[in-house]
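In what follows, a single structure is set out as structure tokens and then discussed.
The values are calculated or read from the model by the stated rules, or taken from the named source; none is laboratory data. This one's a predicted model, so the numbers in the text were calculated from it and none came from an experiment. Using ideal geometry, Cβ is built from the backbone for each residue, glycine included, and neighbour counts are taken over all protein chains shown. Just so you know, the surface numbers come from the protein's heavy atoms only, side chains and all, with ligands and any DNA or RNA stripped out. Shrake-Rupley method; radii C 1.70, N 1.55, O 1.52, S 1.80 Å.
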Amino acid sequence: MEDTPAAKAYKGQAWLFLGVANSDALLYDDEFQDAKSRFPDNFRLDYALSREQENKKGGKMYIQDKVEEYSDEIFQKLEGGAHMYFCGLKGMMPGIQDMLAEVCKGKGIDYEEWIKGLKKAKQWHVEVY
């Protein structure tokens, strides 16, 4: 995080889920670790390392698996007005959307209505290529 008036005024929490194959491919890890240590209340970081970690089913750990681990907390944050951003390869989105639909089902939430509400409130952001 830059040392700016806006950064000093920021009281929220940015939570980054970063997925790569191996820990040697982590981008900006030094900077992220520094931000995490300097701003422990404002920056949270979780990695999904598909070749080094296993998900709860014993398979490769992908972003959707890591997000699912924290789904109760994430859904609570979204209910409180948090924003969710996805950026990366478009091939990751079906797995993420399937996972979110399953979490919604388990919570008795209509997934399509839930997503529609997030989009209407401008809380859902996707930039994939």
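Sequence gap at least 6, Cα distance under 8 Å: using those rules, report the relative contact order of the chain to the nearest whole percent.
Numbers: 134 pairs, mean separation 26.0, N = 129.
Relative contact order, the chain: 20 percent.
So what is the relative contact order for the stretch 11-52, in percent, with contacts set as C-alpha pairs under 8 Å and at least six apart?
62 percent
Relative contact order of the stretch 79-129, please, whole-number percent, based on alpha carbon pairs below 8 angstrom and at least 6 residues apart. If you can, show how the numbers build up before the last one.
Details: 35 pairs, mean separation 32.7, N = 51.
Dividing the mean separation by the residue count of the stretch 79-129 yields 64 percent.
So how much slack lies between VAL126 and GLU69, counting 0.36 nm per residue of separation and subtracting their Cα-Cα distance, in nm? The partial results should precede the final answer.
Working: separation 57, 0.36 × 57 = 20.52 nm, distance 2.06 nm.
Extra length from VAL126 to GLU69 when fully extended: 18.5 nm.
Test of understanding: express the Cα radius of gyration of the chain as a ratio to 2.2 N^0.38 Å, with N the residue count. Mind dumping the intermediate values first?
Working: Rg = 15.5 Å, N = 129, 2.2 N^0.38 = 13.9 Å.
Normalised Rg, Cα atoms only: 1.11.
Would you list, by chain and number, the lysines whose Cα falls below 19 Å from the Cα of LYS66, excluding same-chain residues fewer than 8 positions away?
LYS36, LYS56, LYS57, LYS77, LYS90, LYS105, LYS107
Please compute the net charge surrounding LYS56, taking Lys and Arg as +1 and Asp and Glu as -1 over other residues with Cβ under 10 Å from its Cβ.
On the way: positive: LYS57; negative: GLU54, ASP65, GLU68, GLU69.
Taking every Cβ under 10 Å from that of LYS56, the sum is -3.
Once neighbouring chains are kept in place and the probe is 1.4 Å, which whole percent of the accessible area of the chain is contributed by carbon and sulfur? Walk me through the numbers on the way to the answer.
Numbers: 4390 of 8670 Å².
Carbon and sulfur together cover 51 percent of it.
Enumerate the calculated ³J(HN,Hα) couplings along the stretch 21-38 in order (Karplus 6.51 cos²θ - 1.76 cosθ + 1.60, θ = phi - 60°), each rounded to whole Hz, writing x wherever the residue is Gly or Pro.
Calculated HN-Hα couplings, in order: 6, 9, 4, 6, 9, 5, 8, 6, 4, 4, 5, 5, 5, 5, 4, 4, 6, 7 Hz.
Give a residue-ordered list of calculated ³J(HN,Hα) values for the stretch 122-129 (Karplus: 6.51 cos²θ - 1.76 cosθ + 1.60, θ = phi - 60°; whole Hz; x for Gly, Pro).
Each residue's phi maps through the Karplus curve to give 6, 9, 10, 9, 10, 9, 10, 9 Hz.
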